[in-house]
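See structure below.
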Amino acid sequence: MRIGMPLAYSGGFTETADRLTDYERAGLDVVLLPEAYSFDSVSQLGYLAARTSTLEIASNILNIYSRTPALLAMTAAGLDYISDGRFTLGIGASGPQVVEGFHGVPYTSPLARTREVVEICRKVWRREPVEHTGTFFHLPLDRDHGGSGIGKPLKLINEPVRERIPMTLAALGPRNVALAAELFEGWEPIFFYPEAARTAFGDALDAGLALRDPSLGALRIAVDTQVAVVEDEAEMAEATGYVRRQLALYMGGMGARGKNFYNDLARRYGFDEAAATVQDLYLSGHRAEAAAAVPDALVHGVSLIGPIGRIRERVAAFALAGVTQLNARPLAATHAQRVRDIGLLKEAAT
């Protein structure tokens, strides 16, 4: 199993980048850069490509609304070039709060738009003239769709390092998960609970895999988690408290009532009553109480916290559920401890 590590998108980036060689030596396979409404991740990924030699780099995620498909393809080809073929393009739909609130773009039809983005990206990387007639994108843009009529079907000037750069889709909803299994090299869920994964995602994965092109290879499943190898009860409580607060934030505050993907996921895992309670408390301003209401089983199920023996057990549970990559955020207080924990996790996953 591969080990990835997300970097924070707010603060501390340069210091962490300076120390990435320590994580490389510890066995880290890939580093991931999120992008919300923060500094863009592309410039930082370019910086990381120049500072590393073996680490793979990945966007985690670029949303499909604020960049055109051709720009996403150009960006991926450029990052793959400067990293000597070490880049993975992670994309996702994000949500209306960011897409409409920050970018001012209508959040419409994410599945159909994603399908067109994939088709156009792969056409660009094959250096084919970019022609596309879809619901959202018309290339070249003709007069009937608001263009001047003088656009030409162009192809990428440069020769990409690879004609198919790996793509990962961040997805939680059943139709998005099915799309990931059908069209993408990889699928990335957040808050992956191995014991209930089949219940939450099984039908969607089966539907997508039934339509999958064999040339894509086996679906890679890269899940986000947190790691802290600890035995001290106080340290364990601190680490699980962090996970508990994160779950409460997402289940309770990431989206409106009735329009919260993460709350829906907790319900699909079987935590209906707790999901409702957490959201009610969080939206009422009682954040500490909301965190306390997150079920222990979910907190410990989605994370890797505890003695090394427990970490090995949880890694085995993730592997049994089909996970091929753990994108683990180390929670330890010092750099040395964080590097140690990534190394121990790599050993447990080998």
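The values are calculated or read from the model by the stated rules, or taken from the named source; none is laboratory data. These numbers were taken from a predicted model, which means no experiment stands behind them. FYI the Cβ positions are ideal-geometry reconstructions off the backbone, even for glycines, and counts take in every protein chain you see. The area values use the complete protein model at the heavy-atom level, side chains included, leaving out ligands, DNA and RNA. Shrake-Rupley method; radii C 1.70, N 1.55, O 1.52, S 1.80 Å.
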For this session: Would you check which residues across the stretch 301-343 are more than 27 Å from Ala218 (Cβ to Cβ) and either touching a strand residue (DSSP E or B) at 6+ places or on another chain (Cβ under 6 Å) or outside any helix (DSSP H, G or I) (or both) and list them?
Result: Ile305, Gly306, Pro307, Ile308, Pro330, Leu331, Ala332, Ala333, Thr334, Arg338, Asp341
Exercise. Which of the residues belonging to the stretch 43-69 are open to solvent by 10 Å² or more (accessible area, probe 1.4 Å) and touching a Leu at 6+ places or on another chain (Cβ under 7 Å)?
Worked result: Gln44, Gly46, Arg51, Thr52, Asn60
For this session: Identify all residues within the stretch 7-64 that are in a strand (DSSP E or B) and of a type outside the set (Asp, Glu); write none if there are none.
Result: Val30, Val31, Leu32, Leu33, Ile57, Ala58, Ser59, Leu62, Asn63
Problem set entry | Options Thr199, Thr108: the member that is of a type in the set (Val, Ile, Thr) and under 26 Å from Met74 (Cβ atoms) | Thr108
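Looking only at the stretch 298-312, which residues are free of Cβ contacts under 8 Å to residues at least 40 places away in the same chain and in contact with a helix residue (DSSP H, G or I) (Cβ under 9 Å, 6 or more places away or on another chain)?
Answer for the stretch 298-312, where residues must be free of Cβ contacts under 8 Å to residues at least 40 places away in the same chain and in contact with a helix residue (DSSP H, G or I) (Cβ under 9 Å, 6 or more places away or on another chain): Arg310, Arg312.
Any idea which of Gly322, Gly309 is under 23 Å from the mean Cα position of the chain (by Cα), of a type in the set (Gly, Ala, Ser) and surrounded by fewer than 21 Cβ atoms within 10 Å (Cβ to Cβ)?
Answer to the selection: Gly322.
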Seminar exercise, completed: For the stretch 231-262, the count of residues that are among the small types (Gly, Ala, Ser), out of contact with any Gly (no Cβ under 7 Å at 6 or more places or on another chain) and open to solvent by less than 50 Å² (accessible area, probe 1.4 Å) equals 5
